[in-house]
2 protein chains.
Amino acid sequence: MATEIERKFLVNGDFKVEVEASQRITQGYLCSIPERTVRVRTKGDKGFITIKGIGGASGASRYEWEKEIPVGEVNELLALCEPGVIDKTRYLVKSGKHTFEVDEFYGDNDGLIVAEVELSSEDEQFEKPEWLGEEVTGEVRYYNSMLMKAPFNTWSE
Amino acid sequence: MATEIERKFLVNGDFKVEVEASQRITQGYLCSIPERTVRVRTKGDKGFITIKGIGGASGASRYEWEKEIPVGEVNELLALCEPGVIDKTRYLVKSGKHTFEVDEFYGDNDGLIVAEVELSSEDEQFEKPEWLGEEVTGEVRYYNSMLMKAPFNTWSE
């Protein structure tokens, strides 16, 4: 299993002029406890079911199983999910040799925009776009499974 | 959605001479709350993932989604499941125009044998085989999701 290293940032500025591609993502969780998550998601015109195990001590490596399923079946399964479906657009934005995934949230998380970049090591350098704001890597409240339970519009600060 | 009517009985006698087919079933639950269950199962040489919604007031009709997946993937996912995997052989036994599904359990449920017959209405008649014992339809402790949490070998009577 590959070890993923991802850094997450807020977005302060106009990234949209640099967007290379975008997809609407709607997702819900049938199970979202730390030991295992069962997620259903539509991503553009495709549907997926994804099961993840518990993370290791570092949180970096995690068993993941995913199957593509018809969008109609995802929509049926979304009706069964825990309350708090996540709805967002994911934009891909190049920055030097890296590509940022920028998630713009809707619904109860409206106003939240988060950018992630995947690195091959923790000290790998990358070009910081002008619109990149404060780093929030590892902050639990920005996890999608948390944004569902405690959405952005309920944050007090 | 079809309404299933099933009656469940204990087994007191030798049903095995009448068996038409049998399959080993191993299954676990990624989620087993009343609102939704996510089950993975090997049945003979096939694998399945099954998601069920909450039952209606009668408990008779329930949303069900199922996909066949490779046995190797079921085995990976079983490792992620809640404690208490169910292991049993399912035998098909004809009785008149009906077919009984007889489940012989192993492991912590060793000694338990249960027979189910599917009917098209609650008052539909069926031939009772000699080995058919006490009716246990609707008794929650015989549900597979309960046998996992409170297996037969922990029952006091």
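The values are calculated or read from the model by the stated rules, or taken from the named source; none is laboratory data. Given the structure is predicted, the values throughout are model-derived calculations rather than measurements. Positions of Cβ are generated from backbone atoms using ideal geometry, with glycine treated the same way; all protein chains shown enter the neighbour counts. What goes into the accessible areas is simple: the full protein's heavy atoms, side chains included, and nothing from ligands, DNA or RNA. Shrake-Rupley method; radii C 1.70, N 1.55, O 1.52, S 1.80 Å.
Brief remarks follow.
- Nearest-10 value in Å² for the accessible area of B:Val40, using the 1.4 Å probe: 0
- The stretch B:19-102, relative contact order [Cα under 8 Å, separation at least 6], %: 34
- Interface A:B - total buried accessible surface [probe 1.4 Å, Å², rounded to 100]: 1600
- 32 Å Cα-Cα threshold exceeded, pairs from A:Lys97/B:Lys46; B:Lys67/B:Lys149; A:Lys149/B:Lys8: A:Lys97/B:Lys46; A:Lys149/B:Lys8
- Annotation: A:Cys31 carries an accessible surface of approximately 10 Å², with a 1.4 Å probe and no ligand, DNA or RNA atoms counted.
- Exposure rank, largest accessible area first [B:Thr137, B:Thr37; 1.4 Å]: B:Thr137, B:Thr37
- Sites excluded, chymotrypsin sites (Phe, Trp or Tyr not before Pro) in DSSP loops with at most 16 other C-beta within 10 Å, longest stretch of chain B: B:1-62
- Counting all C-alpha pairs of the stretch A:81-157, share separated by more than 16 Å (%): 55
- Coarse-grained scattering of the protein assembly as shown at q = 0.07, 0.10, 0.11, 0.13 Å⁻¹, given as base-10 log I(q)/I(0) from a Debye sum over alpha-carbon atoms: -0.39, -0.70, -0.80, -1.00
- Among the cysteines of the protein assembly as shown, those with no neighbouring cysteine Cβ under 4.7 Å are A:Cys81, B:Cys81.
- Annotation for B:Lys43, label-to-label distances across the other copies: 3.0 nm (shortest first, one decimal, point 7 Å from Cα along Cα→Cβ).
- Peptide-level mean, for B:75-84, of C-beta atoms on other protein chains within 10 Å: 3
- Each copy carries a label point for B:Glu76 at 7 Å from Cα along the beta-carbon vector; from one copy to the others these points are 2.5 nm apart, nearest first.
- CD proxy at 222 nm, helix term only [per DSSP H run n ≥ 4: -39500 (n - 2.57); per residue of the protein assembly as shown; nearest 500]: -2000 deg cm²/dmol
- Tail beyond 25 Å, pair distance distribution of the stretch B:1-152 (Cα, percent): 31
- For the stretch B:64-157, the list of trypsin sites (Lys or Arg not before Pro) that fall in a loop by DSSP and count at most 15 other C-beta atoms within 10 angstrom reads B:Lys97.
- Position B:Lys94: other-copy label points at 6.8 nm, ordered by increasing distance, label point 7 Å along Cα→C-beta.
- With 0.36 nm allotted per residue and the present C-alpha distance subtracted, the B:Arg141-B:Arg90 stretch has 16.5 nm of extension available.
- Per-residue average of Cβ from other chains inside 10 Å of B:39-52: 1
- Mean separation of Cα contacts under 8 Å, 6 or more apart, over the residue count of chain B: relative contact order %: 29
- Residue of chain A whose Cβ sits closest to the axis mapping A onto B, with distance in whole Å: A:Cys31, 2
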